[in-house]
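Student: Okay, here's the structure, questions in a sec.
The values are calculated or read from the model by the stated rules, or taken from the named source; none is laboratory data. Small disclaimer: the values here were computed from a predicted structure and weren't measured. Cβ atoms come from the backbone with ideal geometry, glycine included; neighbour counts cover every protein chain shown. Side chains are part of the model used for accessible areas, which takes the heavy atoms of the whole protein and leaves out ligands, DNA and RNA. Shrake-Rupley method; radii C 1.70, N 1.55, O 1.52, S 1.80 Å.
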Amino acid sequence: MSDPGKPSVPGGSSGESRRLSRSDAAYVARLARLDISDEELDLYADQLEAVLDYAAEVDSVDTTAVAPMAHPLPLVNVLRPDEPADSLDRDEVLAQAPASEDGRFMVPRILGEAP
Amino acid sequence: MSAMGQAGQPASASAIAESVRAGSTSARSVVEAHLAAIDREDPSLHAFLTVLADDARAGADHVDELVSRGEDPGPLAGVPVALKDNLCTRGVPTTCGSRILEGWLPPYDATVVRRLRAAGALIVGKTNLDEFAMGSSTENSAFGPTLNPHDRSRVPGGSSGGSAAAVASGMVPLALGSDTGGSIRQPAAFCGVVGMKPTYGTVSRYGLIAFASSLDQIGPFATSVVDAALLFDVISGHDPHDSTSLDRPGSRLAEANCPDSAQSVEGLRVGLVRELMDGTDDPVAQMLAKAADALSAAGASVEEVSIPELRYALCAYYLIAPAEASSNLARYDGVRYGLRVDAEDLTSMNSATRAAGFGPEVKRRIMLGTYALSAGYYEAYYGKAQRVRTVIADAFAAAYQRLDALVGATAPTTAFSMGAKVEDPLSMYLSDVCTVASNLAGHPAISVPFGTDEAGMPVGVQVLAPALGEAVMLRVASALERASASLPGIPAAGRASTGRASTGDPAPGRAPGQVGEPA
């Protein structure tokens with residue numbers, strides 16, 4: 001994979017169409033931990049650009065002094081009593097893991113670590 | 001126990017529960033009739049990914065035992081229910097329509113599943129869906145598409161297409177789906193059944209595999225408004241396992257929506273929303289006009305309203321939902337559950353696993369969301385879309401200052417042909433244009449079957465209400481349901497008999513391979 005680097009600067013709030021290059025798509029795929037073939041990259045770059053062009057219509061809405069809405073209902077700081085309760089059975093959970101050992105999830109070598 | 005037939009069985013959820021609780025029909029006979037219907041219908045529909053015949057029979061026998069002991073088996077006693085396969089069931093495959101979760105056995109039940117069991121419902125199977133609920137046609141399932149029971153060359157809608165088709169074909173009287181941008185209401189419209197998205201926070205999402213957490217909500221499919229209310233009553237109510245769950249008791253809406261005692265819409269102020277009518281196909285627009293007339297005739301004051309801000313709902317949705325999905329789906333990394341593709345180091349293993357396990361639409365949305373959340377873009381896309389969300393919620397609030405409920409199309413068209421939109425993601429996304437605003441605002445909305453197009457395909461009319469406005473929403477929906485009875489009917493599509501219970505009928509015409517009679 002070529003070094004995709006950072007994508008080009010977004011179009012700001014002007015509403016003009018944003019170009020999503022193949023290297024932008026490669027960069028995004030790497031961030032998302034997706035191995036994507038060159039053919040797929042071309043397809044996704046085109047399709048994502050079409051969706052982003054459409055979605056950029058949000059730019060035409062005046063949101064001056066409008067707060068972002070992250071949650072439809074005003075629930076904040078939801079707490080529960082700090083009481084011990086049953087948790088999931090460890091063996092049942094680990095039985096579903098691709099690999100486990102000694103009561104733990106097992107993973108391949110972490111990059112940079114000695115084998 | 002006397003032999004029970006498939007004919008003459010009560011077909012609606014309310015009738016089944018009433019009959020089983022009264023001891024006039026056995027839960028076992030109900031479940032046998034529905035398992036036989038699944039055997040008969042599902043090979044040509046592919047609504048189910050898993051059928052739980054033995055579990056359902058065991059549950060039925062338990063219900064019958066409670067009845068025989070004089071104990072209360074619960075409000076859904078003996079009612080077969082299907083679950084969208086993104087709801088966790090302990091020890092039962094839960095795939096989300098994805099190869100990445102193929103073979104995974106959840107170590108716990110979703111809260112809605114526990115509540116269904118406690119209410120006496122019989123879980124008969126898990127239904128097909130677009131992978132991770134991302135799609136509007138159920139064609140994105142890794143396990144093949146579901147077909148529309150009214151015309152097998154057409155899609156059932158999505159993403160809860162399996163649940164919609166299962167109810168529309170009479171295989172089950174009730175099913176659960178999830179609705180992130182219309183995934184209950186749009187397939188309900190395409191299949192000619194009732195589909196309801198409740199207010200965000202009224203139904204626990206614990207055990208619902210997350211797609212877009214600020215939008216996802218579980219809700220019912222049913223053949224009638226009262227049955228949808230009955231199921232909503234059972235699954236709603238506070239759950240400490242979901243921190244977005246509202247601290248309120250479960251609803252009690254079924255009684256108010258019984259056909260015998262339903263409240264009229266007299267005096268209600270209903271807005272016909274121009275933005276949820278513009279651009280719809282002619283047959284849909286014609287049915288909307290008839291729906292408005294019907295509500296007027298029933299005593300509501302109906303006026304056309306414009307909420308221009310709704311035009312931005314779909315763009316905001318297609319930034320917010322993929323952004324949240326890209327974050328939620330980061331957990332499928334080949335470590336704790338599901339698929340792993342081995343590689344020499346961790347990052348390569350993560351990337352190879354995700355490439356092999358996710359289908360094209362899921363990858364597309366993960367990439368879109370990752371892009372929208374990446375450094376330098378967050379405010380321009382996700383941040384902006386969240387502000388637009390506030391603008392839309394405020395616009396709804398202004399409309400509800402003088403209106404009790406809103407009405408519009410559920411989808412701009414009736415069910416489209418298989419394959420018509422798979423190559424063009426944006427055109428597929430546009431089929432959600434009428435439904436996404438309710439998810440952004442967190443409001444309830446319901447789709448009610450209301451007539452058909454010239455090809456006989458069902459049309460859905462959508463009723464919207466403010467947050468926690470389910471009662472008024474269901475009143476309007478019930479009025480539309482009553483009015484729809486005078487329209488040219490929706491074809492039966494294999495729907496089970498609607499006759500009331502009559503015991504002792506012999507089972508007619510059983511096909512080979514059907515389930516046996518209870519002993």
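Student: Taking H as built 1.01 Å from N, whose amide H comes closer than 5 Å to the amide H of B:Thr50, not counting residues under 5 places away?
Tutor: Those qualifying (amide H under 5 Å, at least 5 residues apart or on another chain) are B:Lys126.
Student: Oh, and also: Going by amide H atoms built from the backbone, whose H comes under 5 Å of the H on B:Ala445, apart from near neighbours?
Tutor: Here the answer is B:Lys197, since their amide H atoms fall under 5 Å of that of B:Ala445.
Student: Let me ask another. Taking amide H positions as placed 1.01 Å from N in the peptide plane, with prolines and chain starts having none, which residues 5 or more places from A:Ser100, or on another chain, fall under 5 Å of its amide H?
Tutor: The answer is A:Met106.
Student: Tell me, what HN-Hα J-couplings in whole Hz come from the Karplus equation 6.51 cos²θ - 1.76 cosθ + 1.60 at θ = phi - 60° for each residue of region B:430-442, using x for Gly and Pro?
Tutor: 5, 6, 9, 4, 8, 9, 5, 4, 5, 5, 4, 7, x
Student: Could you give the accessible area per residue of the protein assembly as shown, probe 1.4 Å, as a whole number in Å²?
Tutor: 37 Å²
Student: Which shape class, rounded, prolate or oblate, goes with region B:1-118 when its Cα gyration tensor gives a ≥ b ≥ c as root eigenvalues, a/c under 1.5 marks rounded, and past that a/b bigger than b/c marks prolate?
Tutor: oblate
Student: Tell me the Kirkwood hydrodynamic radius of chain B in angstroms, computed as one over the mean inverse distance between distinct C-alpha pairs.
Tutor: The Cα-based Kirkwood calculation yields 22.8 Å.
Student: What list of ³J(HN,Hα) values in whole Hz, one per residue of region B:376-391 in order, does the Karplus curve 6.51 cos²θ - 1.76 cosθ + 1.60 (θ = phi - 60°) give from phi, with Gly and Pro shown as x?
Tutor: Per residue, the Karplus-derived 3J(HN,Hα) values read x, 10, 3, 5, 5, 10, 5, x, 5, 5, 5, 5, 4, 4, 4, 4 Hz.
Student: Can you check what the net charge comes to around B:Ser236, using other residues whose Cβ is under 13 Å from the Cβ of B:Ser236 (Lys, Arg +1; Asp, Glu -1)?
Tutor: Values: positive: B:Arg115, B:Lys197, B:Arg205, B:Arg248, B:Arg252; negative: B:Asp233, B:Asp239, B:Asp242, B:Asp247, B:Glu470.
Net charge around B:Ser236: 0.
Student: Something else now. For every other residue with a beta carbon closer than 12 angstrom to the beta carbon of B:Met418, add +1 if it is Lys or Arg and -1 if Asp or Glu, then tell me the sum.
Tutor: The answer is +1.
Student: May I ask you to evaluate 6.51 cos²θ - 1.76 cosθ + 1.60, the Karplus curve with θ = phi - 60°, for each residue of region B:149-154 and list the ³J(HN,Hα) values in order in whole Hz, giving x for glycine and proline?
Tutor: x, 7, 6, 6, 8, 10
Student: Ignore the peptide's own chain and count Cβ atoms of other chains within 10 Å of each Cβ in A:46-53; give me the average, rounded.
Tutor: Mean partner-chain Cβ count within 10 Å for A:46-53: 5.
Student: Turning to a different aspect of this structure: Hey, any idea what % of chain B's accessible area is carbon plus sulfur with a 1.4 Å probe?
Tutor: Of the solvent-accessible surface of chain B, carbon and sulfur hold 51 percent.
Student: Looking only at other chains, what is the average number of their beta-carbon atoms within 10 angstrom of each beta-carbon in B:342-352? Could you put the intermediate results ahead of the total?
Tutor: Working: counts 3, 3, 4, 8, 6, 5, 5, 5, 6, 7, 3.
Mean partner shielding for this stretch: 5.
Student: Going by average Cβ neighbours within 10 Å, how do the peptides B:83-96, B:63-76, A:21-34 rank, with the highest at the top?
Tutor: Going from most to least packed, we get B:83-96, A:21-34, B:63-76.
Student: Give me a single rounded figure for B:112-123: the average over its residues of other chain Cβ atoms within 10 Å of their Cβ.
Tutor: Numbers: counts 0, 0, 0, 0, 0, 0, 0, 0, 0, 0, 0, 0.
Averaged over the peptide's residues, the number is 0.
Student: In Å² (nearest 100), what accessible area is buried between A and B, both sides summed, heavy protein atoms only, 1.4 Å probe?
Tutor: Using a 1.4 Å probe, the pair buries roughly 5600 Å².
Student: I'd like to compare B:110-120, B:417-427: which one has the highest average count of other Cβ atoms within 10 Å, and what's the full order after that?
Tutor: Highest mean packing first, the order is B:110-120, B:417-427.
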